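One structure below.
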Amino acid sequence: MNPLLVTLQNKLLDKNQNLSNLVQWMDEIYHEDKSFNGLPQQIITRAIIAVGYLLLDEGKLDDEQFLNIKKTINSASEFVLFPSVKNADQYFRDATNSYPFGLGEGCYSVNELVKNKSCEKGTGCQSGAGSLMCTDKNSDLILKVINENLLPWISGEKDAVLENYS
């Protein structure tokens with residue numbers, strides 16, 4: 001198994017893990033490999049997709065928010081399953097319309113991670129990982145959803161993105 005996936009698996013299984021530390025780690029690994037089809041981008045985008053379904057299932061969005069987040073989930077899924085510049089660009093455009101959900105235009109820095117660093121490495125900004133903390137959802141619930149979606153993918157049991165892809 002890829003060492004990055006082993007590290008992610010260990011982080012997700014760690015009972016002491018918290019969302020801000022996970023977001024910081026995701027942002028840091030993104031800075032090591034910023035390629036659109038790199039594993040860090042896969043990890044972050046898959047986590048964003050999982051949280052997106054949580055937002056849709058809650059039923060607390062207005063029609064425009066619901067449609068924008070649904071569109072972002074669809075383009076993010078397309079990007080994850082079929083990585084290309086075209087799909088990355090579409091995901092970026094759709095995420096911009098559903099800001100702060102997904103990796104689009106805007107700042108995704110997390111206040112507790114910034115510490116006078118603005119949009120630098122580890123803040124969640126450039127990778128879009130900070131969008132995982134830009135909801136009104138409890139961070140434990142977000143971690144649970146990320147675990148439920150990423151752990152089976154890491155172990156090769158099932159791919160939630162592929163299963164939900166239409």
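Coordinate-derived values only; no laboratory data. If you're wondering where the values come from, they're calculated on a predicted model, not measured in any experiment. With ideal geometry, Cβ positions are generated from the backbone for all residues, glycine too; neighbour counts draw on all protein chains shown.
I need Cys125, Cys107, Cys134 ordered by Cβ neighbour count within 10 Å, fewest first.
By the 10 Å Cβ count, ascending: Cys107, Cys134, Cys125.
Can you return the lysines within cross-link range of Lys137? Criterion is Cα-Cα under 16 Å, with same-chain partners fewer than 8 residues away left out.
Lys60
Under the Cβ-under-4.7 Å rule, which cysteines of the chain stay unpaired?
Cysteines lacking a close Cβ partner in the chain: Cys107, Cys134.
Starting with the fewest neighbours, write out Phe79, Phe101, Phe92, Phe36 ranked by other beta-carbon atoms found within 10 Å of each beta-carbon.
Details: Phe79 28, Phe101 25, Phe92 19, Phe36 15.
So the ranking, lowest neighbour count to highest, is Phe36, Phe92, Phe101, Phe79.
Report which label in (i) 31; (ii) 70; (iii) 43 holds the value of percent of Cα pairs over 23 Å apart derived from the coordinates of this structure.
(i)
Mind putting a number on the dipole of the chain about its Cα centre? Charges go on the C-beta only, +1 for Lys and Arg and -1 for Asp and Glu, and I need it in Debye to the nearest 20.
With only Lys, Arg, Asp and Glu charged at Cβ, the dipole is about 260 debye.
What are the aspartates and glutamates whose alpha-carbon lies under 15 Å from the alpha-carbon of Lys158, with same-chain residues fewer than 8 places away excluded?
Lys158 reaches Glu148.
Could you rank the peptides 18-28, 53-63, 39-49 by their average count of other C-beta atoms within 10 Å per residue, with the highest value first?
Order by mean packing, descending: 39-49, 18-28, 53-63.
Please name which of Ser35, Cys134, Gly59 has its Cα lying farthest along the dipole of segment 3-156 towards the positive end, using unit charges on Cβ (Lys, Arg +1; Asp, Glu -1) and the Cα centre as origin.
Selected residue: Ser35.
Using the Karplus equation 6.51 cos²θ - 1.76 cosθ + 1.60 (θ = phi - 60°), what ³J(HN,Hα) coupling, rounded to whole Hz, does each residue of segment 44-60 give in order, writing x for Gly and Pro?
So the Karplus estimates, Gly and Pro as x, are 5, 5, 5, 5, 4, 4, 4, 5, x, 5, 4, 4, 5, 5, 5, x, 9 Hz.
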